[in-house]
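The values are calculated or read from the model by the stated rules, or taken from the named source; none is laboratory data. The structure displayed is predicted, hence computed values, not measured ones. Virtual Cβ from ideal backbone geometry, glycine too; neighbours counted across all protein chains shown.
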Amino acid sequence: MAKPLLILDEVVAMLKVTSAPNRVIEAFRQQAEAVLAARNIREVEVTTDEEPEVDSITVSSSYGQKTQKGYVEFTLNEQRSQMPPAKAREVGLMLLEAAEAATSDEIFVKLLREKVGIDVERAGMVLIDLRELRQGTRGISWPS
């Protein structure tokens, strides 16, 4: 389930507002920084030509003390999701497949426009037909 995240400095500010002792605040900060460093977080900036905004994606591995199992934490901007490793592999494969499809769509439309001379709107219609042939639907293809 997606969960909103807080930045460490925000949590520290909240502790100060609640009049937490400085020693507690400092101990919390040290513990939080150690946990974050141990997670080996990798951040990736995602951009497209169409949208100048940058999405912040964070992926990390972790271990649940209660469940005694490893899990993957995926964060997009401020929404966090935790999943078992098998689901993370499935999501990773879906991302790779979608990236390949997007690249081939771009090449296909460019070919139609530049070599065949089809206008953008018509090329888009042909692309929808291609997508239906490729994935069995014109819309989103959900994994089973």
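Quick notes on this one:
- Ala123 passes every criterion in (1) modelled with pLDDT of 90 or more; (2) touching a helix residue (DSSP H, G or I) at 6+ places or on another chain (Cβ under 6 Å); (3) not in a strand (DSSP E or B) apart from (1).
- Whether a residue is surrounded by 13 or more Cβ atoms within 10 Å (Cβ to Cβ), more than 30 Å from Leu127 (Cα to Cα), at pLDDT below 90 and more than 18 Å from the chain's Cα centre (by Cα) was assessed, and Ala27 does not pass this test.
- Test: residue in segment 35-45 that is within 30 Å of Arg131 (Cα to Cα) and either in contact with a His (Cβ under 8 Å, 6 or more places away or on another chain) or modelled with pLDDT under 85 (or both): yes
- Test for Pro84: is it within 30 Å of Val72 (Cα to Cα) and at pLDDT below 90: no
- Scanning segment 57-82 for residues that are exposed (fewer than 15 other Cβ atoms within 10 Å of the Cβ) and within 13 Å of the chain's Cα centre (by Cα) yields Ile57, Leu76, Asn77, Glu78, Gln79.
- Residue in segment 105-125 that is surrounded by fewer than 12 Cβ atoms within 10 Å (Cβ to Cβ), closer than 27 Å to Ser60 by Cα and either among the small types (Gly, Ala, Ser) or in contact with a Phe, Trp or Tyr (Cβ under 8 Å, 6 or more places away or on another chain) (or both) present: no
- Looking only at residues in segment 1-24 that are at pLDDT 75 or above and in contact with a Lys or Arg (Cβ under 8 Å, 6 or more places away or on another chain), the one that is surrounded by the most Cβ atoms within 10 Å (Cβ to Cβ) is Val12.
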